[in-house]
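Engineer: The following block contains the structure, expressed as structure tokens.
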Amino acid sequence: MIKEQKGVFELSTQNTTYGFYIRDNGICEHLYYGERIGIISDNEKLTGSAVDALREKWAFPQGNTNVYDEKDPAFSMENGSFEFSERGKGDPFESFIEIIHGDGGETCDFVYESHEIGTGKLNLKTMPSAYDTEDNCEYLVLRLKCKNYGQTLELVYHVFNDTDCITRFARLINTSDEKIRLTKLSSLQLDLPGMNYDFVTFNGSWANEMNKSVAGLSVGKHINSSYNGVSSSRANPFVCIAGIGTDEDRGEVYGFNLIYSGNHREVAEVTPYGKTRVVTGINPESFEFVLEAGEEFEAPEAVMSFSPNGYNGLSHNFHRFVNEHIVRGEWKKKDRPILINSWEANYFNIDEKSLLSLAKKGKDLGMELFVMDDGWFGKRKNDMSSLGDWTEDKEKLPGGIKRLSEKINALGMDFGLWVEPEMVNRDSDLYRAHPEWAMDIPGKDHSEGRNQRILDLANPAVIDYLADAMTKVFSSGNISYVKWDMNRTFTDAYSKYLTPEHRQETFHRYVCGFYRLMKILTERFPKILFEGCASGGNRFDLGMLSFFPQIWASDNTDATSRSYIQNGYSYGYPQSCYSAHVSASPNHQTLRVSSHSTRFNVAAFAPLGYELNLNDLKSDELDRIKSEIALYKKYRHTLQFGDFYRSESPSGNYHESGMTYREWTVVNSDKSVALGLFFQEKSRPSNVTAICRPKGLDPDKLYRFYNIPEKIDIKTFGDLVNMVSPIHIKNGSVTQNIVSKFYKLNGEKDEYILPGRNIINAGVRLCPAFAGNGFNESVRVFVDGASRLYIMEEVTG
């Protein structure tokens, strides 16, 4: 709900309130954002009293601070809270907007001119934004005018009551009669009282995405940013400002994200006056946009939310928002298929026969979608050639995509493929025909990435070519799924299409060109499930999710690594959006050996896939995969779309630096079914006790809590098996292999009928872990990287 009363604005969701007011001098002063309160009342005196209690007070100018104007000699921009900040009028802290005017001056002085309140969602013209099909959201457009130069700044707010989220974006319209250079336009600014906050960011690198980083704020600027052309695995645009001591379920926390796939910057600045300013938007580094008279520029839409219930509470707000107002189209709420991907089974060495063999094996195990990864086009024997030449290699695929897809469909599976359209190899027909389409600086050395260059999506001709080329590919067979990759970041970013005056617009125009391309293709092929990828999670953001319902979370498929990576994503993104695969052991990225159960258990909390050579597996491994796929299908909707909860390491357990246990719980909408992951990275001596603490259950319902017992390989015990074996079994011997093949030990079984409130509040004390003193069917064998999947189902009748 949005209310206005004599220049006072109150934006309320179901549980939060955001407020500001217009001062007599036209400045927009921020009042409050947090748990729901009342600011505007039918009684105007009460409204005035509420505003007076929240606003900053000025009596005399402080020392060498500057007063805004002579009409209010006490008011200074230096120690205030505002809806936006600008250069030149006394605010020395992080700015929201920066302009170089025709006369070379940089001062801006935007003041309130008018506003508009309405129902529905206002869209951006050049970028994706949130949407609302039911017209339940409300908007506020705040129009401001620069007193000195005449430009118009619009601050646009939307209130999404159902998700406790508010969005903001800004639009600058050059209503002056001179050309200007816009060097910064942010999307969101929030000035908070106090400075006792943690700045929570999610950082990493290739194969090491989304590590949660917590930095206590102190006076000065703390910056999370990307400057490599994409939203980046180095610094995801989702960030939090949390009260000191906030945990998963307690404490106040603010969250911010950006619907943008390029260079971004999130700043948390603590002022010497004990206030904290948050500014998010396009990274202003190497950014400049020339606006002639009458032209405009729009900043991407930012999303913010507040929760008094810790990180889980904030995550639920963002998960609902992304599922309801970002992801769209055919696959918005549709269960995602279980796939088998050819990459780690074949790499570039593919042909029709080997692909069909892999697909047939996958179909026999219950998989639903076969994906042909890299290597199918041009003369693609390795990553040195053929990107840009999107025609089938007839030596590998004699009948082309059409015949292969028909044969895959005849098996009863859907067919999908991999593409990387934004890239070009120099050894390609496309590069030889159009070297001017590649991003590099003519006549200068180029820093290459993965033996490929980036096509100039700031050039409309490139967009038109790619739209036609991909349309031909996607129409060449019965294609149900497309994995869209981008395997390098920008170097020597230089658009030959743009003139020198406009070349600082390259990064942003590339992103807008990409969005135009994806809009064309997703409208032409609305039933295809598009999955984004950029060497894993190098472009994982809300802009991508506006076109791709799911994104490949990381090229790292190691289960232990993935437990960290997926845990990090879960803070700002629902699990339906990041895909996960069961791969081979030892893992191809880390060489870590992991049990098959753990590889499945971690991957199951996401859209599930397999990426290994099924033809090399033993019969018992294939049987295990078949049974786990059946289990996943039974609980698929809950695993992909259920409410997701993270748990802290249980108290009372030995805890060195790092994680003791990682716990996830997903709960379906009516709380009749829940599944929990209980994962241990490292086994510790004598640590026999563990308490599983699921969350989100209905306290008044009765549940059956149980696990599916493991079958324990005798090799797990090594020489210890001789303590009970009637014959001596040498470790690594043929005898051990034979016994291991035909004889498995029964693992522990935990099963209880319990009220939800017992499980939530007291947890479930699990069977004791193996501690070197004996084994039977009540002992939990829990080695490094071990995990269990616990199922909770409502007991009725």
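The values are calculated or read from the model by the stated rules, or taken from the named source; none is laboratory data. As the structure is a prediction and not an experimental result, all values here were calculated from the model. When we count neighbours, we look across all protein chains shown, and the Cβ atoms used for this are built from the backbone with ideal geometry, even at glycine. Surface accessibility is based on the protein's heavy atoms, side chains included, excluding ligands, DNA and RNA. Shrake-Rupley method; radii C 1.70, N 1.55, O 1.52, S 1.80 Å.
Engineer: Are there strands (runs of 3 or more DSSP E) fully within segment 719-797 with at least 1 residues that are touching a Phe, Trp or Tyr at 6+ places or on another chain (Cβ under 9 Å) and open to solvent by 40 Å² or more (accessible area, probe 1.4 Å)? List them.
Structural biologist: Per the criteria, 751-755, 787-794.
Engineer: Something else now. For segment 241-286, which fully contained strands (runs of 3 or more DSSP E) count at least 1 residues that are closer than 22 Å to K695 by Cα and within 24 Å of the chain's Cα centre (by Cα)?
Structural biologist: 253-258
Engineer: Would you call E56 under 23 Å from P193 (Cα atoms) and open to solvent by 40 Å² or more (accessible area, probe 1.4 Å)?
Structural biologist: Criteria met by E56.
Engineer: Taking segment 298-311 only, how many residues are touching a helix residue (DSSP H, G or I) at 6+ places or on another chain (Cβ under 9 Å) and open to solvent by less than 20 Å² (accessible area, probe 1.4 Å)?
Structural biologist: 6
Engineer: For the list (1) over 24 Å from G204 (Cβ atoms); (2) open to solvent by 10 Å² or more (accessible area, probe 1.4 Å); (3) touching a helix residue (DSSP H, G or I) at 6+ places or on another chain (Cβ under 8 Å); (4) not hydrophobic (A, V, I, L, M, F, W, C), I need the number of the one condition that G245 fails.
Structural biologist: (3)
Engineer: Select from segment 414-471 the residues that are part of a helix (DSSP H, G or I), within 21 Å of L521 (Cβ to Cβ) and of a type outside the set (D, E) and list them in ascending order.
Structural biologist: L430, W437, P460, A461, V462, I463, Y465, L466, A467, A469, M470, T471
Engineer: Without any contact (Cβ under 8 Å) to a residue 24 or more places away in the chain and within 30 Å of L258 (Cβ to Cβ): does that describe G80?
Structural biologist: no
Engineer: I've got another one for you. Counting only residues that are among the β-branched types (V, I, T), open to solvent by 40 Å² or more (accessible area, probe 1.4 Å) and in a strand (DSSP E or B), how many does segment 106-119 have?
Structural biologist: Residues that pass the stated criteria total 2.
Engineer: Right, next: Looking at (1) among the β-branched types (V, I, T); (2) open to solvent by less than 30 Å² (accessible area, probe 1.4 Å); (3) out of contact with any helix residue (DSSP H, G or I) (no Cβ under 7 Å at 6 or more places or on another chain), which is the only condition I479 fails?
Structural biologist: Status for I479: all satisfied but (3).
Yes/no matrix, rows are residues, columns are (1) over 30 Å from F415 (Cβ atoms); (2) open to solvent by 30 Å² or more (accessible area, probe 1.4 Å); (3) among the hydroxyl-bearing types (S, T, Y):
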{"residue": "G443", "(1), (2), (3)": "yes, yes, no"}
{"residue": "M470", "(1), (2), (3)": "no, no, no"}
{"residue": "D485", "(1), (2), (3)": "no, no, no"}
{"residue": "Y497", "(1), (2), (3)": "yes, yes, yes"}
{"residue": "E505", "(1), (2), (3)": "yes, no, no"}
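Engineer: Whether any residue in segment 262-275 is in contact with a Cys (Cβ under 6 Å, 6 or more places away or on another chain) and open to solvent by less than 10 Å² (accessible area, probe 1.4 Å) is what I want to check.
Structural biologist: No - not one qualifying residue is present in segment 262-275.
Engineer: For segment 79-105, enumerate the residues that are open to solvent by 20 Å² or more (accessible area, probe 1.4 Å), modelled with pLDDT of 95 or more and within 36 Å of the chain's Cα centre (by Cα).
Structural biologist: R87, P92, F93, E98, I100
Engineer: Out of everything in segment 666-692 that is modelled with pLDDT of 95 or more and charged (D, E, K, R), what residue ends up being most open to solvent (accessible area, probe 1.4 Å)?
Structural biologist: Checked segment 666-692; the qualifying residue most open to solvent (accessible area, probe 1.4 Å) is D670.
Engineer: Would you check if there is a residue in segment 15-24 being in contact with a Ser or Thr (Cβ under 7 Å, 6 or more places away or on another chain) and among the hydrophobic types (A, V, I, L, M, F, W, C)?
Structural biologist: No, segment 15-24 has no match at all.
Every residue, every condition in (1) among the β-branched types (V, I, T); (2) under 37 Å from the mean Cα position of the chain (by Cα), yes or no:
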residue: V8; (1), (2): yes, yes
residue: L11; (1), (2): no, yes
residue: T16; (1), (2): yes, yes
residue: R23; (1), (2): no, no
residue: E29; (1), (2): no, yes
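Engineer: Still on this structure, please answer the following. In segment 211-240, which residues are in a strand (DSSP E or B) and open to solvent by 10 Å² or more (accessible area, probe 1.4 Å)?
Structural biologist: Hits for segment 211-240 are N211, K212, S213, V214, A215, G216, V219, G220, K221, H222, I223, S225.
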